[in-house]
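Just so it is clear, none of the values below were taken in a lab; they were calculated from the coordinates. No experiment lies behind these values; they were computed from the predicted model shown. So basically every Cβ, Gly included, is an ideal-geometry build from the backbone, and we count neighbours across all protein chains shown.
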Amino acid sequence: MNKRRTLEWDWYAGTIPENVLVDETAYIETTFSFYFYRSQLPGGVEFGRGASTYLGTMFDVGPKGRVKLGQFALVHGARIICDAEVLIGDYAMISWNVVLMDSFRVPLNPVERRKELELVPTRRPRLAAATVPARPVKIERNVWIGFDVCVLPGVTVGQGSIVGARSVVIEDVPPFTIVAGNPARLVRRLTEEEINRHA
Ligand SMILES: CC(C)(COP(=O)(O)OP(=O)(O)OC[C@H]1O[C@@H](n2cnc3c(N)ncnc32)[C@H](O)[C@@H]1OP(=O)(O)O)[C@@H](O)C(=O)NCCC(=O)NCCS
């Protein structure tokens with residue numbers, strides 16, 4: 001990133017928002033990743049040492065949202081929907097088309113949801129407001145999340161765990177396990193040998 005907060009290699013004519021903190025060794029493929037970014041907090045997104053985000057990654061972060069990418073975390077194309085906090089630990093690897101969401105944003109109740117939709121045309125930007133409480137999502141260090149996975153609000157994926165491709169994670173994943181499916185269920189625990197290789 002240069003002083004104008006643009007990226008020399010960028011195909012999109014955007015800038016990195018002022019309140020995004022980027023370690024000098026971090027990599028952002030394109031500023032288009034901030035198209036939906038609206039955080040007003042200091043450090044609305046924080047990139048740790050060597051962290052990377054690639055094409056397809058979208059920071060859909062609301063005014064009170066904060067996202068943190070740990071050291072050498074690699075996000076290959078996730079939509080990060082955040083109204084409170086989404087933490088991605090050191091060495092976490094997130095594949096393409098993943099959704100990490102700490103908020104459902106609109107009410108489950110159809111009458112309340114309809115009222116919210118009626119307000120959309122009056123809003124600038126023309127969006128539904130987040131009207132349900134957000135619940136932070138935590139992806140701990142060394143986690144690997146396969147492609148097309150969805151992680152729902154309030155979930156922690158424990159360190160060293162693997163989430164199989166196309167899973168929907170509705171509850172916490174214990175450390176050093178493999179989970180898969182919709183809803184994601186335990187496939188197996190990693191062996192001591194596999195865990196030691198992680199350390
Ligand atoms: C989960 C995964 C890591 C395989 O782990 P594994 O320990 O080798 O698991 P196995 O292949 O032995 O399968 C174990 C069981 O889990 C099931 N399973 C494996 N992956 C699954 C998935 N993605 N969704 C649903 N079930 C899955 C298998 O069908 C098998 O079920 P069974 O015991 O009833 O026969 C792998 O299937 C996967 O999804 N990898 C992610 C790949 C990816 O996204 N790559 C992107 C590049 S970053």
Using a Förster distance of 35 Å, how high is the FRET efficiency between ARG123 and PHE147, based on the Cβ-Cβ distance and rounded to 0.05? 0.60
From the Cα centre of segment 131-177 to that of segment 1-73, the distance in Å is 21 Å
State the extension gain, in nm to one decimal, for the chain segment bounded by ASN2 and GLU18, taking 0.36 nm per residue of separation less the distance between their alpha-carbons. 4.5 nm
List the relative contact order of segment 20-198 as a percent without decimals, with contacts defined as Cα pairs under 8 Å and 6+ residues apart. 14 percent
How do the peptides 13-24, 44-55, 117-128 rank, highest first, by the average count of neighbouring beta carbon atoms within 10 Å per residue? 44-55, 13-24, 117-128
Using only the Cα atoms, work out Rg/Rh for the chain, with Rh taken as the Kirkwood radius, to two decimals. 1.00
For the chain, modelled as a GNM with alpha-carbon contacts under 10 angstrom, which of GLU85, GLU171, GLU116 fluctuates the most? GLU116
For the chain, what does -39500 (n - 2.57) per DSSP helix run (n ≥ 4), summed and divided by total residues, give at 222 nm, in deg cm²/dmol to the nearest 500? -2500 deg cm²/dmol
Any idea what the dipole of the chain comes to, in debye rounded to 20, about its Cα centre with Lys/Arg Cβ at +1 and Asp/Glu Cβ at -1? 620 debye
Of TRP144, TRP96, TRP11, which is the most mobile in a GNM of the chain whose springs link Cα atoms less than 10 angstrom apart? TRP11
Percent of Cα-Cα pairs per 10 Å bin, from 0 to the last occupied bin, for segment 73-162, please list those. 18, 41, 25, 15, 2
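Just to be sure I understand: if I project the alpha-carbon convex hull of segment 49-106 onto a plane and average over all orientations, what area do I get in nm²?
Average of the hull's projected areas for segment 49-106 equals 3.7 nm².
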